[in-house]
Each structure stands twice: as structure tokens, then as C-alpha cells.
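Notes to accompany the following structure.
The values are calculated or read from the model by the stated rules, or taken from the named source; none is laboratory data. On a predicted model such as this, the values are computed, not experimentally measured, just so you know. For neighbour counting, all protein chains shown are included, and Cβ atoms are generated from backbone atoms with ideal geometry for every residue, glycine included. Ligands, DNA and RNA are stripped out before the accessible areas are found, and what is left, the full protein with its side chains, is counted by its heavy atoms. Shrake-Rupley method; radii C 1.70, N 1.55, O 1.52, S 1.80 Å.
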Amino acid sequence: MPEQLKNFFDREVVERIAAMLRGAHPSFPEPRFLIEASDGLEAHELLGRARHIMQAMHRALPSDFERAASILLRSLGPELEREEFQGMGVFIYLPHTLFVAEHGLDHFETSMRAHYELTKRFTAEFSIRPFLERYPRETLERLHQWTKDPNVHIRRLVSEGTRPRLPWASRLRAFQKDPLPVLALLELLKDDPELYVRRSVANNLNDIGKDHPEVLVDTCARWKDGASPERLWIIRHALRSAVKRGDARALLVLGFQGGGEFEVTASFKPKRIRLGESVSMTLSVTNRAKTRQQAVVDFAVHFIKANGSASPKVFKGSKVDLLPGTSCTLEKSISFATMTTRKHYAGTHRVEALVNGRASDLGSFTVIA
């Protein structure tokens, strides 16, 4: 998690949570909570700070979860007015969701009610996952009911909470193995009127495709039949990783096939750079066929690793639509600056064009220490 986000959880936020809880429960031990929630808070990152506050909250609230959850729910502020929350303000409820996830597992109905209310103010996509693991049938039945809820945040929770590879969250291994229960929910949401929900559906499908690429493509091919423009957007967004991998069936669903008639050449400026510098690549794409051709043109840079071997990283290029004999130009700059997510090494870096998933060599450039 980004380091700068952790600073949201400071003394002021602790005081706000204390005031909310005292307003819902006049005998709440506010002074003790303020001391325990603030002491040592700065030593943690974002999630650690939220958990630190949650633990102080647990010590201050009644030990009986039913009573504690009732106080938490009475302390909540107004529901979100917009479909997508902006800014860090809603993260004030992250300790509340952690409380439900950690202490509510033996209280299914009360916890479901808490998820329902919290997701309308923040999100319960993280806290509902332990319930999917312990009570898969009961939780899936509840989510099935929530696909018809009038509140957009509840419907989005159905999709976002069941993502097998949700960022920042533990993976749902059972759904990675068998995605059919999740697909049954997505079927009910694929024509949701809100983009906020449809985007979550697409992201969930994209997750499924990383473990079951054939299921992803089969689903998108089936959904394409009679699809509205809104559902076609879901299909394109869901297939983005498959397209990046050069999956021929995914490209075919999107209307791209062939590509052998395209000629792609590249130039590199400069062809020899130092670590920390950038290389500019210019790709020229020409249609050598006698008919109009469409294609997705990406490219892969084979980055040198610490042991001297190379590993390809695919970069998005563009969709091209060319008449016979015509050309277009694509440009990209690749930085070799030091990053926390990738360390660069000297050596010859080979580059390939990926035209509708078909690879062709474009040459290379050299990085020196």
C-alpha cells in the first residue's frame, strides 16, 4: 500500500471515531480508547494503523459482539451520495470492517447486516471474504439476494467482494479453483444500469481469466450475443489482460483476427543508453494486404534480469485500422530509471511486435551500466 496513505490515520481520525462511538454509546470509555488507539499508531503502515485502532476499539466496546456491533452501526454517519467514493475520508470505516471480519465470524446474521450498512459508506469487499470462506453457501445466497438491491453499493459488493484476486486482499482459493459460483452472480449483474457495478463485473471476469482463460473467453463470447453497448464495454474491459497476453480467442471475440499481413518495423533512439535513461521507440505499421485490416498492436520488451536471462514485459500499443497499402506510426518511451517495482540491469534488450498476439522481431537496443 502506498506509504503516503497511512498518514490518514492520525490522532484527529482517532478522535473522530471516539466521538462517533460515544454518541452511539454514552458510556463508551473515550479517554482510554484515545490513549490506546493513538499510542504507537505512527509505527504502522495504512492497514496496520487501521488494525491498531480496531484493536483498541475491541477493548473499549462490550465483549459481546452483538452489543458491540449494534453500537458500531448506530455510530455510522450518512450513506455515500455518489456511486464512487473519492478521497480518503471514507477510510474512517476501515477499522469497523476489520472489526466485523475478525470478531463477527460466529455471528453470521449480525455481520451480514454490518456488511450491508458499512458498504454503503465505505466498502465491505474485504471484510466479507472470511465469511465466503467459512459460510460459502449462506454467503453466496445472501449475495444472490443483494444483486437485486436498489442500492448501487450493495450490488457492487456482490461482484467486488467475490473477486478471486482482489487487490490488497487474500485470494479466494475456492473460487480460483471453481469460478462457477461467482459467474452465476455476475450473470445477474452484467446488465446493471450503473457503470460502477459493471466495471466491478469486468474486473472480476478479468481475475477469473488469469486462472481460467477459457472460461473468461467462453463467457465473453456468450455475453456478446445480443449485447448492448454497455455490456460490450464489460467484455472489452474483462478481456484486457487476455489481449495483452495475445490470446487469439480473446482477440477473435473482439473482432480481431489474422494480422499476418501487417508489416511492423521499429527504430530506437538512442540504440545505446545508460541505466537511468530512456529509449524512444517508433513503430511503423503497414497493411500489406489487399483488403482493409484491423489489429491490436502491442509490443514486448525482453528485460534483462539479475542472472543475465531475459523476461518479457508487454506494453500496450494501439488498435489499428488500415486500408490496403497504408501505414501508421506508434511511439513509446521506455524508462530505465530506478523503480521500487522493477530493478533494471545492463545488457541487450530484444523487442517484439505482437500483432493480434502474433510475435515478430523488431530488433534490440543496449543498456550499459
Task: Protein accessible area in the range 226-305, 1.4 Å probe - carbon and sulfur % - done: 49 percent
Task: Span-rule helices in the chain, defined as complete DSSP H runs reaching 24 Å or more along the axis (Cα) with Kyte mean at least -1.0 - done: 195-211
Task: Charge sum, other residues only, whose C-beta stays under 13 Å from Ala300's C-beta, Lys/Arg counted +1 and Asp/Glu -1 - done: +4
Task: Low-density loop positions, GluC sites (Glu not before Pro), the range 46-97 - DSSP coil, at most 10 other Cβ in 10 Å - done: Glu81
Open item on the list: Just to confirm the filter: which chymotrypsin sites (Phe, Trp or Tyr not before Pro) across the range 162-261 are DSSP coil and have at most 15 other Cβ within 10 angstrom of their Cβ?
Closed with: Trp168
Open item on the list: At 1.4 Å probe size, put Arg288, Arg165, Arg245 in order of accessible surface, largest to smallest.
Closed with: Arg288, Arg245, Arg165
TODO: Would you give the gap between the C-alpha center of the range 227-246 and the C-alpha center of the range 171-215, rounded to a whole Å?
DONE: 12 Å
Open item on the list: Can you give me the accessible area per residue for the chain, using a 1.4 Å probe, in Å²?
Closed with: 48 Å²
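Can you classify the range 76-173 as rounded, prolate or oblate using the Cα gyration tensor, where a ≥ b ≥ c are the square roots of its eigenvalues, rounded means a/c under 1.5, and otherwise it's prolate if a/b beats b/c and oblate if not?
Rounded shape, in that the Cα axes give a/c under 1.5.
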TODO: Only helical DSSP H runs with n ≥ 4 go in: add -39500 (n - 2.57) per run for the chain, normalise by residue count and round the 222 nm mean residue ellipticity to 500 deg cm²/dmol.
DONE: -13000 deg cm²/dmol
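Rounded, prolate or oblate, given the Cα gyration tensor of the range 24-120, with a/c below 1.5 counting as rounded?
oblate
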Task: Within the accessible area of the range 25-66 (1.4 Å probe), percent carbon and sulfur - done: 54 percent
Task: the chain: antiparallel DSSP beta bridges as a percent of all, rounded to 5 - done: 95 percent
Open item on the list: Only Cα pairs within less than 10 Å get springs; with that Gaussian network setup on the chain, which residue of Lys244, Lys343, Lys177 has the largest fluctuation?
Closed with: Lys343
Task: Extreme residue, positive dipole direction of the chain, given options Phe336, Phe33, Leu232 (C-beta unit charges) - done: Phe336
Task: Arg129, Arg16, ranked by accessible area, largest first (probe 1.4 Å) - done: Arg16, Arg129
TODO: Give the accessible area for Ser75 in Å² (nearest 10); use a 1.4 Å probe, count only protein heavy atoms, and leave out ligands, DNA and RNA.
DONE: 10 Å²
Task: Members of Lys269/Lys343; Lys190/Lys316; Lys269/Lys319; Lys148/Lys319; Lys224/Lys332; Lys244/Lys332 lying beyond 28 Å, as alpha-carbon distances in this model show - done: Lys148/Lys319; Lys224/Lys332
TODO: Go ahead and run the numbers for FRET between Glu138 and Val215, Cβ-Cβ distance against an R0 of 35 Å, rounding to 0.05.
DONE: 0.90
